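Novice: Take this structure, written in structure tokens, and hold onto it; I'll ask about it next.
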Amino acid sequence: MNHRLKTRGKQVKWLAIKLIHFYRLVASPWVGNQCRFYPTCSRYAEDALKTHGFCKGGYLTLRRLIKCHPWHPGGLDHVPPAPPKSKTPAVDETPPPQ
């Protein structure tokens, strides 16, 4: 079941990224270069999805889109790095000292 959920998550992330590519190809030329941030919101969304997955990447993208309005100064806004993968300690198979 866990493998199935991971596969489903990858499929959803892949679809979301393809929708971003479709937006860039079709809608972005009509809207023009209006983004007040660097990287652009679509680039940020793609990076967030690739770095953090669908749920957290989608949340970060939504936060970024909410900031996109005429009263926000914009500027440099990179995707935060993913937290380091926690290493589970190996089970020590040596018998305890007696």
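The values are calculated or read from the model by the stated rules, or taken from the named source; none is laboratory data. This structure is a prediction, so every number in the text was calculated from the model and none was measured. All Cβ positions, glycine included, derive from the backbone under ideal geometry; neighbour counts span all protein chains shown. Protein only, heavy atoms only, side chains kept; ligands, DNA and RNA dropped before computing areas. Shrake-Rupley method; radii C 1.70, N 1.55, O 1.52, S 1.80 Å.
Novice: What is the spin-label model distance, in nm, from Tyr23 to Leu76 if the labels are put 7 Å beyond Cα along the C-beta direction?
Specialist: Calculated label separation equals 2.4 nm.
Novice: Something else now. Leaving out ligands, DNA and RNA, and with a 1.4 Å probe, what % of the accessible surface on the stretch 24-77 is carbon or sulfur?
Specialist: In the stretch 24-77, the share of accessible area belonging to carbon and sulfur is 63 percent.
Novice: Continuing with this model, one more query. Given a cut-off of 19 Å, name the pairs among Lys56/Lys85; Lys10/Lys67; Lys18/Lys67 whose C-alpha atoms lie farther apart than that in the structure shown.
Specialist: Lys10/Lys67; Lys18/Lys67
Novice: Let me ask something else. Taking 30 Å as R0, compute the FRET efficiency from the Cβ-Cβ separation of Leu65 and Gln11 and round it to 0.05.
Specialist: Once rounded, the FRET efficiency stands at 0.85.
Novice: Can I ask one more? 5 Å is the cut-off here: which amide hydrogens, built 1.01 Å from N in the peptide plane, fall below it relative to Phe37, excluding neighbours closer than 5 in sequence?
Specialist: The list, which skips near neighbours in sequence, is Gly75.
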